[in-house]
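The values are calculated or read from the model by the stated rules, or taken from the named source; none is laboratory data. None of the values given here were measured: they were computed from a predicted structure. All Cβ positions, even for glycine, are placed from backbone atoms using ideal geometry, and neighbour counts span all protein chains on display. Keep in mind that these areas ignore ligands, DNA and RNA; they rest on the heavy atoms of the full protein, side chains included. Shrake-Rupley method; radii C 1.70, N 1.55, O 1.52, S 1.80 Å.
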Amino acid sequence: MITSVADRGWLKSPTAAAYVAGRLMDTNTTEQTSRSLPGVTHVVGRIRQLHPVWALNAVVLVVAAALYFGPVQGLPAPTSLHLPWWLLALAFAAAERCVVHMHFRRGAHSFSLGDIPMVFGLLFCSASDVVLASLIGSAVILVFDRRLPPIKFVFNLAQFSLTACIAVLMLHAVAPANGSLGPQMWIAVLLAKQVSGLLTVLLIAAAISLSEEPVRPAMMLHMFWMDGMVTLSNTTLGLCGAVLAYKDPAALPLLVVPSLTLYAAYRAYGSERERHKRLEFLYEANRTLVHSREIANALEGLLLRSLDAFRAEMAEIILFGSDQNPSLRTLLGPGTFRELMEPVDGEVADEMRALLEQGAPGAFTLNPPFGTPRLQQYLEARGVTHAMVAPLPGEERVIGAIILANRFGVVRSFDREDLRLLDTLANNASVALQYDRLEQAVLQLSVLQEQLHHQAYHDPLTGLANRTLFTDKVREALNASRGEVAVLFIDLDDFKTVNDSLGHSAGDELLMSVAARLRACLRPEDVVARLGGDEFAVMVEDGGNAEDASTGVARRIMDAFVMPLAVGSESVAVYVSVGIAIGAGRDATSEELIRDADVAMYKAKSAGKNRFQVFHPSMGAAVLERHGLKEELRLAIEREQLTLYFQPIVTLDTGELVAEEALVRWQHPRRGLVAPNDFLPLAEETGLILSVGQYVLEAACHQAKAWQLGRPPGPGGPEVAVHVNLSAIELRDRQLPGRVRETLAQTGVDPRMLVFEVTETLLLEDAVHVTKTITDLRELGVRFALDDFGTGYSSLSYLHTLPLDMLKIAKSFVDGLSRGGREASFVRMIIELARTLGVGVVAEGIETPEQVAALAALGCDLGQGFYLGRPRPVRDELHLQRVA
């Protein structure tokens, strides 16, 4: 059974603990303000200062005693089987030791198996034995395990007694007279347990209301619902055991497995809920930093969220000063006490800094004695009994400390998970506090968000709109029906020659120069985009004759490229072929318009290049030509002309190979080796991507099995996983889980050795279906990696809803490591986020040893890139051992 409580709570009935051991005024020894008052006045003053919960305790005890010595006394066991009270007491004590705590704010849900012995007691013991056994068994746990304050100890014993009496009376009122252990008796037990559980919820709500504030109706409903559901499951399990004991006691050990299974389910649920809460806390903490323009407000908001997340009484941030500036602290708690950016004793700050710098890196617990005498005096003066501390790391020194002290709740100490969460929070906060200016951090986070949004819709090389944004703009223009819309499809003539002769870096420089020249010859309202490779597109809107307008734009583009472009020390003549397609209103779609412009561009190329051509329906033959290419690709799949190259993923500290990413190539009989960018878009457009994907999956799994068989015998051989990329069309394919299952069965590959890579954009296209597909695949045992993390939308909302196993840091962030500063902070934040989520992290695009060193220093475990290994066909045996 469980119950939920709002703050410094109270123990649930012995059948299920739900409490929060807070710092409520828990004795009647509160400091007196009028000790000098003599006689009766002094006694009255003492009584008035008693906590009101003592009055509730007295009422509950009186009612419980009246029921116990009244109608409860003398009630026999309702069945013929009898258990000794001491055995039942031991069962209560054992059940109450198996408790799972799920904390929320300063409250907690606590699950136990205490309902099971209560069911046995109701059926097989006299009424007085049930009350006595539940009271003694639970009291032992309260004394030796919980160590509650007196006010809560008395409250728990009182409500144990009362709810046990109520359960006994309810059972005997409904149970059959003949004592048969049949359906009527089952219903009687369920009813008795539910009524006693609801009474416990009411008592706990009353205690909370008397100690703090009235419990809200929504919280009450939540408490009733949670209590009812868990009571029903536990009581039903107890009834199953009772029937076994009654019919065949020898079969009673069979109850152990379902009991442990239920307990394990409670623990798993609690663990997943805690993981979800920690992610939400980090998300909200970062939001607080982003939306606070003043440093004092940011620190106050951060500490307020930390008090709730860690269930602490006090939270403090100290920012260490310099010779010119004093150290400042922001302090919240206990209660409503707060200080914002107040000076702190310089010697205390120096000793705190020395403690952080001398100790192990990261967060650590702090228990009496607290370091030096001065530091101990500083903490004890505020009533700190236990705490945890984390440094706020700067680029060159520790710039501050964050302290959480005096934990509320069932568990009063801070554990390893709390230290990891605080360490992650401190690292994130330090980015915002580097130079004691929150404005700088807010600007950094805002710039990052703008960059991520820009990268999702723009070409990273030229800064032009990408295919997605261009298609959306054309669609909007067609739907607006403002007139005719023209699309110009632009392709550079003989660009491959420039790449081959001058190198890819010169090719990139040329593409950037082409983009700049295109912008210069267009109107502000025209939309220009890079669709990929050396292909560009322009959208022209005109309320009159779009064909005239577009041909005029095409001529300006031709004229703009009369003069050569400077590429490094070379002067390169560039010529373009342009295809034009005209559409109006809803009669054409954006995809069709771009396709027709593409066909017209090929027509212009075939007519001699360096010219433009307007699309006409008679050019349908060009579509047939593309259809022929489609047939070539289909035959390439059948004839196994596709081949896989593999690029290694290694551990950065040892260089040990842990995985290989499968990259597909087309070995064309006439064109030679065709890169994936040159045929995968056609495969997606024509639907052949499913066949290509299946081929890659099967070939990769066969290769993974071959690696597995080729491993050295014994535990020393490396296990090499294989990474396979999934496209949007494949993720939307409802047959994908079945095909993966069949492929794994045929190849005999361990599913854990198969990793699917997906991009952030794919996750947001059809979130519901994608989530289901990923979940179905992970049930098979395969893993998932989020590719190019940081280049898409980077929404935290899908990170805690999708079951991912690793994040791959995009190459653009790795490239920026050499510049330090913001890029290094971004990479550090991604690594810490991955650690908090409990997932692995891989850095992509590593090209220099300096990048390896920087990533290793930031705590990144795995890496991939040309420096670590270029894509190549199947590797030899030596490569399986280590990547140098």
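Just a few scattered comments:
- Label positions at TYR457 and ARG732, each projected 7 Å from the Cα along the C-beta direction, are separated by 2.1 nm.
- The residues of region 552-707 expose on average 48 square angstrom of accessible surface per residue, using a 1.4 Å probe on protein heavy atoms.
- Among the listed pairs LYS193/LYS247; LYS609/LYS630; LYS603/LYS808; LYS152/LYS193, those whose Cα-Cα separation exceeds 30 Å are LYS603/LYS808.
- Residue order for ARG739, ARG556 - accessible surface, 1.4 angstrom probe, largest first: ARG556, ARG739
- In terms of the mean number of neighbouring beta-carbon atoms within 10 Å, the peptides 121-129, 418-426, 51-59 order highest first as 121-129, 418-426, 51-59.
- Highest average first, the peptides 326-338, 83-95, 231-243 ordered by how many other beta carbon atoms sit within 10 Å of their residues are 231-243, 83-95, 326-338.
- Per DSSP, loop trypsin sites (Lys or Arg not before Pro) in region 652-712 with at most 13 further Cβ within 10 Å: ARG670, ARG671
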